[in-house]
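The structure under discussion appears below in the form of structure tokens.
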Amino acid sequence: MAQQRVMITAAADGIGRAIAKAFAAEGAKVHICDVNEMALARFREDFPEIAATHVNVRNEGEIDAWFDDALDDMGGLDVMVNNAGIKGPTAPVDDIDYADWRECIEVCLDSHFLCARRAAPVMKAQKSGAIINLSSNAGQFGFGNRTPYAAAKWAVIGLTKSLAIELGPHNVRCNAICPGSVRGDRINRVIKGEAELRGVPFEVVAKEIVWNQSISRFVEADEVADLCVFLASPRAAMING
């Protein structure tokens, strides 16, 4: 597989970091962004060969500037991984502030659109490319007391399927990954919020999350990263939408 040029949002830590590491291990040229300066500093120290830029994905201008720099540096784009997301508020719908709703939608959905909008013309012109959006099983089954997050993740699936139809004739594929709960700080915050809302121990919620899965454990970030690498590879050439 020829050296791929890969851009990944929110990749200084967590799932994004694992994805960046996996692509780099395959020989790809990777350019990430993140809003967390401390995480970016750690990432740059650990992976000096990977370009890392401070970007607030809620800001259209910052995304455009990041794309301008990355495309100029890499000379093109083969893989766009829209990983940015936040857990959003944990509360009944009537207790959720509109500002918190908007923040969750902007990070989890709008950023995917803004990046796809910039990636699409580049990939269409070269007649190849893969866009990978991170959705969630909350985007397939819903999630009580987390309506902003679930709504955004459902919308990511609609965005993905629509892009697949639109871009497929140009040999550009778009797929969504819908993992269960991925081990890490984010799911720990989700569990803590749910436990506090219901007045139950952290461990009770953690067990409930995985009890009805066929494989009853949390997903590892590296497993999501491996799937990204596969979906971006020629072995997934007919997987679209």
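Derived from the Cα gyration tensor, the three semi-axes of the equivalent ellipsoid of segment 1-129 are 27, 18, 12 Å, largest first.
Would you calculate a helix-derived [θ] at 222 nm for the chain, using -39,500 (n - 2.57) for each DSSP H run of n ≥ 4 and dividing by the full residue count, to the nearest 500?
Details: 10 runs with 120 residues, N = 241.
Here the helix-only value at 222 nm equals -15500 deg cm²/dmol.
Ellipsoid fit via the Cα gyration tensor, the chain: semi-axes of 29, 19, 18 Å, each the root of five times an eigenvalue, largest first. Cβ-to-Cβ counts within 10 Å put 43, 202 in ascending order as 202, 43, the fewest first.
What per residue convex hull volume, in Å³, comes out for segment 145-241 when only alpha-carbon positions are used? Please report the intermediate quantities before stating the final value.
Details: hull volume 10.7 nm³, N = 97.
Expressed per residue, the convex hull around the Cα atoms of segment 145-241 is 111 Å³.
What residue among 101, 79, 36 has its Cα farthest toward the positive end of the dipole of segment 16-119, where the charges are +1 on Lys, Arg and -1 on Asp, Glu, each on the Cβ? Towards the positive end, the residue furthest out is 79. The simple Förster model, with R0 at 51 Å and r as the Cβ-Cβ distance, assigns residue 54 and residue 216 a FRET efficiency of 0.85.
Give the order of 227, 114, 134 when sorted by the count of other beta carbons within 10 angstrom, beginning with the fewest. Intermediate results must be reported in sequence, preceding the final value.
Details: 227 18, 114 22, 134 26.
Going from sparsest to densest Cβ surroundings: 227, 114, 134.
Averaging 1/r over every pair of different alpha carbons in segment 61-130 and inverting the result gives a Kirkwood radius of 13.8 Å. For the chain, the longest principal axis of the C-alpha atoms and the axis of helix 60-74 are separated by about 40°. Just to confirm the number: angle between the C-alpha axis of helix 37-46 and the first principal axis of the chain, 0 to 90 degrees, nearest 10? Helix 37-46 sits at roughly 60 degrees to that axis. Computed about its Cα centre, the charge dipole of the chain is approximately 780 debye, with only Lys, Arg, Asp and Glu carrying charge at their Cβ.
Summary of the geometry: segment 165-226 and segment 45-60, compared by the centres of their Cα atoms, lie 24 Å apart.
Computed from the coordinates by the stated procedures, all read-outs in this text should not be read as laboratory data. Everything quoted here is computed from the prediction, not taken from an experiment. For neighbour counting, all protein chains shown are included, and Cβ atoms are generated from backbone atoms with ideal geometry for every residue, glycine included.
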